[in-house]
1. Using a simple spin-label model with points 7 Å from Cα along the Cα→Cβ vector, what separation in nm is obtained for residue 120 and residue 103?
2. Rounded to the nearest 20 debye, what is the charge dipole size of the chain about its Cα centre when +1 sits on each Lys and Arg Cβ and -1 on each Asp and Glu Cβ?
3. Round to the nearest 10 and report in Å² the accessible area of residue 39, as given by a 1.4 Å probe over the protein chains' heavy atoms.
4. Of the heavy-atom accessible surface of the chain (probe 1.4 angstrom), what whole percent is carbon and sulfur?
5. Can you spot the lysines whose alpha carbon is less than 21 Å from residue 266's alpha carbon? Ignore those fewer than 8 places along the same chain.
6. Would you please give the FRET efficiency between residue 211 and residue 37, computed as 1/(1 + (r/R0)^6) with r the Cβ-Cβ distance and R0 = 22 Å, to the nearest 0.05?
7. Considering amide H positions built from the backbone, and no H for Pro or chain starts, which residues 5 or more places from residue 199, or on another chain, come under 5 Å of its amide H?
8. If each DSSP helix of 4+ residues adds -39,500 (n - 2.57) and the sum is divided by the residues in the chain, what number results at 222 nm, nearest 500 deg cm²/dmol?
Amino acid sequence: MKNNHCDVLIIGGGIIGHSISCYLNKSGVHAAVVEKQASGGKATQAAAGMLGVHTENEGVGKYHQFCEKSRDMYTGLAQELRELTSIDIGLSHFGMMEIAVKDEEKEALLLKKSTFRNLEWLETPIDRIPSLSDKASGALFMKDDGHVEPRQVCESFKRAALLYGGDLLEDRTVLRVKNNQGSFTVHLDSCSLTAEHVVVASGAESGQWFETTGLPNPIVPTKGESFSIKLRENYFNEALFFRDFYVVPKPDGRCIIGATSKPDDKTTNTSVGGLSSLMNLLFSLFPEWKEAAFQDFWSGIRPGTEDGVPVIGEHPFISNLYFATGHYRNGILLAPATGQLIEKQITKKPIDPSIQELFSPSRLAEKGEWTYEYSS
Ligand SMILES: Cc1cc2nc3c(=O)[nH]c(=O)nc-3n(C[C@H](O)[C@H](O)[C@H](O)COP(=O)(O)OP(=O)(O)OC[C@H]3O[C@@H](n4cnc5c(N)ncnc54)[C@H](O)[C@@H]3O)c2cc1C
């Protein structure tokens with residue numbers, strides 16, 4: 001990096017940090033990512049990669065629109081990133097299905113169908129997926145949703161950003177950021193850099209950057225555990241959703257089953273209890289899969305927020321300091337739109353004011369008592 005200086009320094013090399021870097025460098029703003037371990041090794045590697053616009057939204061609104069926009073950006077990105085980096089991001093266009101077993105689940109899904117456009121009700125989902133239990137009383141088919149391979153998306157954003165002229169420092173930790181009123185000095189474990197802007201994209205570890213800049217910490221780290229099996233044949237291509245649990249078939253024959261939800265659990269082990277609860281749900285949907293070959297298991301910490309909405313935007317009192325964090329279960333879905341939103345904010349391009357307001361960190365400062373303790 002020339003003179004240890006960049007226009008934008010991004011703290012965190014997960015899917016969000018690398019998406020931001022990609023969009024900024026593409027538009028001619030020199031951005032550098034600092035990642036304390038290897039890129040994409042935290043929440044990003046744990047994700048199933050669902051682009052679940054309709055599983056993640058109960059109603060139509062600005063957040064739903066942002067999710068839809070980000071999902072749709074993947075179509076163009078898949079081609080752009082493949083041409084640029086030769087990486088296939090594994091975009092699946094087969095849709096998602098949300099399964100009902102109980103009467104109240106069926107009612108809730110039919111209500112959802114009437115809320116959104118383009119959803120289809122399947123009275124007998126077993127016709128489509130013969131290995132499904134006959135207890136399934138119907139399914140909502142969301143044909144426009146799908147899934148990607150999160151690690152490949154992160155890696156391709158990373159490589160694209162470098163090809164567009166960006167920088168990356170891995171195995172380096174950002175320890176402290178000093179505000180020089182107009183620029184920043186960023187202290188790493190091994191050296192110092194200067195930057196005109198800083199973006200906090202450090203996932204579940206973002207909390208400290210709110211606290212040290214005088215804002216209440218909204219981050220709720222929420223552990224999720226998953227496992228995968230290898231099937232002898234591809235029984236179906238749609239991702240299935242059932243009571244916050246999902247089955248995502250990947251083109252290589254792996255099937256990802258997830259995920260537990262454990263708020264404020266920051267441990268990295270994958271528990272026997274967590275996996276057995278997922279297996280019980282799996283066997284209730286697919287009784288014949290008990291003989292499937294177990295493949296792998298893992299966990300990750302989702303960056304949740306207290307109000308369930310990501311924090312994307314400029315610090316209310318420190319100019320040029322941005323947050324892009326708190327994406328909870330939707331960081332893969334929202335990575336493209338988040339990268340583009342931060343790029344537009346930093347380059348002062350026009351933005352829908354209601355989107356800016358929805359994600360703004362200013363909502364944290366408005367939440368009662370807080371003290372500004374940040375010292376330069
Ligand atoms: C089990 C599970 C399943 C999921 N499934 C889905 C899904 O299907 N669809 C979906 O959309 N989302 C899903 N998610 C959520 C998604 O994974 C996250 O929202 C997303 O990965 C968050 O990305 P991130 O870049 O903010 O965080 P991370 O990927 O955690 O990256 C943050 C990075 O910052 C680095 N860092 C932290 N502090 C510092 C520092 N001081 N200096 C330098 N680097 C630092 C960390 O090392 C890390 O690499 C799932 C999550 C889990 C756990």
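The values are calculated or read from the model by the stated rules, or taken from the named source; none is laboratory data. Keep in mind it's a predicted model, so treat the numbers as computed, not measured. Here Cβ is always computed from backbone atoms with ideal geometry, including for glycine, and neighbour counts include all displayed protein chains. With ligands, DNA and RNA removed, areas are computed over all heavy atoms of the protein, side chains included. Shrake-Rupley method; radii C 1.70, N 1.55, O 1.52, S 1.80 Å.
1. If labels sit at residue 120 and residue 103, their model points lie 2.9 nm apart.
2. In total the dipole reaches around 520 debye.
3. 30 Å²
4. Carbon and sulfur atoms account for 49 percent of the accessible area of the chain.
5. Partners within reach: 36, 42, 223.
6. In this case the efficiency is close to 0.50.
7. The answer is 9, 10, 11, 322.
8. Value at 222 nm, helices only: -9000 deg cm²/dmol.
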